[in-house]
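The structure under discussion appears below in the form of structure tokens.
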Amino acid sequence: LLQHHGGARVDIYEKLPVPFGLVRFGVAPDHPEVKNVINAFTQTARSERCAYYGNVTVGKDVTVAELRQAYHAVVLSYGAEDNRVLGIPGENLSGVYSARAFVGWYNGLPENRDLKPDLSCETALILGHGNVALDVARILLSPLHLLRKTDITDSSLAALACSKVKRVWLVGRRGPLQVAFTIKELREMINLPGARPVLNPADFTGLENAIKDAPRPRKRLTELMIKTALEKPGEKTMEVQAVAAQAAAPREWGLKFQRSPQEVLPTTDGRRARGIRMALTHLEGSGDSAKAVPTGDVEELECGLVLSSIGYRSRPLDPAVPFDTQRGVIPNSSGRVEGVPGLYCSGWVKRGPTGVIITTMNDSFDTAQSVLEDLRVGVLDVSASREGFGAVESILGSRGVRPVSFSDWEKIDAAEVARGKAAGKPREKIVDPQEMLQLIGR
């Protein structure tokens, strides 16, 4: 918007004192290159036509209706901060967590900082075959010396240092052709030092034929799984020592297919997870639209830690905003919220929780185009000026809310980087919002 319209002014409201959302709290700590997008965000935030107001919860501290009165256009891009539930017995037992909360815990998301996951078992089971599931598996099995150099939080590093987990199963309802993770993440997992991939060759028979006409990314991904499943130690072109080291790897992980969770099984005292019962499935249809249908057979698997990674959900933010609870999105067309002129949406709340950072970037450019077009054709009436933050500031003041500015964030940032430097890390995240506010003199 700033680039394509010389007169546009943009104010950003954020619930937490710190900016960058999913890049800070969702991207894995051992993927620092993905976080480079923060540099572009910072350039934007430093523009004199852009302002950042952190520590403001829209829908509570200020309503969407109040924002719409203060601005010509309001864009909602608050993502999907809930997870889909399994809806099975035993889901609430101790030892069962959502992958979302687990990621929030090791990434320092304030609401998950006290998660204290129990890592005292040997076998963990992750439900889901997406990149988040692979991230979680990788963090559980990564050698500590690799994690120590990242911005993973201090307390989660300490917990992982005492972890007894040495086997991780990633379980999906459908087959190898329906996995949602990408080749980069799979390759990284296969090459993880000290961890051995366990793939059953029987899961991949006949797939070479099935992927002849598949799109290239799907084809390459499947070929990598087949190659990994069929490779015997000794057939590898690596040196003998390396093969022996991999075969004797202290940790292992594997993919299980066509299994749908039915129940998390409790320990005898009924308090903790000791395993999971899964329905075996067969696939009806093919490709991405294939459906998993239970065969009637079941299988039990022992595990003391269950992480559910079956997708994210957006929440309705404010009663004034239309919301499709079925699909978990704000009904819209090209980012224009249905029936509410001047209100827009972008990201996962616009089209559902799929895709990577580049998908979401392109999606936000699409919404920005809609705003610019509406300005051009006069759907947005800018003849009367709007007060913008001036109006919101007095509303927030009357409710005792003090926003955090971008220069306030830069003080928090500097403190985190200094603490990290002392520990040989890129940063040590502050996980308590109160501590962040004290640091900037609140």
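The values are calculated or read from the model by the stated rules, or taken from the named source; none is laboratory data. Please read these numbers as outputs of a predicted model, since none were measured by experiment. Don't worry about glycine lacking a Cβ; one is built from the backbone with ideal geometry, like all the others, and counts go over all protein chains shown. We work out accessible area using only protein heavy atoms, side chains counted, and drop any ligands, DNA or RNA first. Shrake-Rupley method; radii C 1.70, N 1.55, O 1.52, S 1.80 Å.
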Is it fair to say E91 is over 24 Å from K184 (Cβ atoms) and part of a helix (DSSP H, G or I)?
-> no
Across the stretch 105-159, the tally of residues that are open to solvent by less than 30 Å² (accessible area, probe 1.4 Å), in contact (Cβ under 8 Å) with a residue 60 or more places away in the chain and within 29 Å of G175 (Cα to Cα) stands at 18
When you scan the stretch 203-217, how many residues do you find that are open to solvent by 50 Å² or more (accessible area, probe 1.4 Å), assigned to a helix (DSSP H, G or I) and farther than 20 Å from L125 by Cβ?
-> 5
Would you pick out the residues in the stretch 89-104 that are open to solvent by 30 Å² or more (accessible area, probe 1.4 Å) and either of a type in the set (G, A, S) or within 19 Å of the chain's Cα centre (by Cα) (or both)?
-> S94, Y97, R100
Kindly provide the set of residues from the stretch 317-338 that are of a type outside the set (A, V, I, L, M, F, W, C), modelled with pLDDT of 95 or more, part of a loop (DSSP other than H, G, I, E, B) and under 22 Å from the mean Cα position of the chain (by Cα), ordered by number.
-> G335
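A quick yes/no check of all residues on (1) over 30 Å from G275 (Cβ atoms); (2) open to solvent by less than 20 Å² (accessible area, probe 1.4 Å):
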position: V298; (1), (2): no, no
position: I310; (1), (2): no, no
position: F323; (1), (2): yes, no
position: I330; (1), (2): yes, yes
position: S333; (1), (2): yes, no
position: E338; (1), (2): yes, no
position: P341; (1), (2): yes, no
Output for the stretch 1-33, where each listed residue is open to solvent by 50 Å² or more (accessible area, probe 1.4 Å) and closer than 22 Å to G104 by Cα | K15, L22, P32, E33
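Keeping to the stretch 189-202, report how many residues are closer than 27 Å to L144 by Cβ and either open to solvent by 50 Å² or more (accessible area, probe 1.4 Å) or of a type in the set (G, A, S) (or both).
Of all residues in the stretch 189-202, those closer than 27 Å to L144 by Cβ come to 189-199.
Subsequent filtering for residues that are either open to solvent by 50 Å² or more (accessible area, probe 1.4 Å) or of a type in the set (G, A, S) (or both) retains 191, 193-196.
Residues meeting the conditions: 5.
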Expected single match for buried (at least 19 other Cβ atoms within 10 Å of the Cβ) and either among the aliphatic types (A, V, I, L, M) or modelled with pLDDT of 95 or more (or both) among G347, G390 is G347
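Looking at S383, S405, S364, which is the one that is surrounded by fewer than 13 Cβ atoms within 10 Å (Cβ to Cβ) and farther than 25 Å from W105 by Cβ? Break it down into steps so the answer makes sense when it comes.
Working: S405 fails: surrounded by fewer than 13 Cβ atoms within 10 Å (Cβ to Cβ); S364 fails: surrounded by fewer than 13 Cβ atoms within 10 Å (Cβ to Cβ).
S383 is the lone residue from the list that is surrounded by fewer than 13 Cβ atoms within 10 Å (Cβ to Cβ) and farther than 25 Å from W105 by Cβ.
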Positions within the stretch 65-88 being farther than 21 Å from R24 by Cα, open to solvent by 30 Å² or more (accessible area, probe 1.4 Å) and in a loop (DSSP other than H, G, I, E, B), in sequence order | Y71, H72, A73, R84, V85, L86, G87
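Answer with yes or no whether A124 is assigned to a helix (DSSP H, G or I) and either touching a Lys or Arg at 6+ places or on another chain (Cβ under 7 Å) or among the small types (G, A, S) (or both). Before the answer, list the steps.
On the way: assigned to a helix (DSSP H, G or I): no; either touching a Lys or Arg at 6+ places or on another chain (Cβ under 7 Å) or among the small types (G, A, S) (or both): yes.
No, not satisfied.
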Which of (1) part of a loop (DSSP other than H, G, I, E, B); (2) among the small types (G, A, S); (3) under 30 Å from S334 (Cβ atoms) does G400 not meet, given it meets every other one?
-> (3)
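How about the stretch 415-442: which of its residues are in a loop (DSSP other than H, G, I, E, B) and either crowded, with 18+ Cβ neighbours inside 10 Å or in contact (Cβ under 8 Å) with a residue 12 or more places away in the chain (or both)?
Of the residues in the stretch 415-442, the ones in a loop (DSSP other than H, G, I, E, B) are 423-432, 440-442.
Once the filter is applied, which keeps residues that are in a loop (DSSP other than H, G, I, E, B) and either crowded, with 18+ Cβ neighbours inside 10 Å or in contact (Cβ under 8 Å) with a residue 12 or more places away in the chain (or both), the stretch 415-442 yields A423, G424, K425, P426, R427, E428, K429, I430, V431, D432, I440, R442.
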V165 over 19 Å from the mean Cα position of the chain (by Cα), at pLDDT 95 or above and open to solvent by less than 30 Å² (accessible area, probe 1.4 Å) | yes
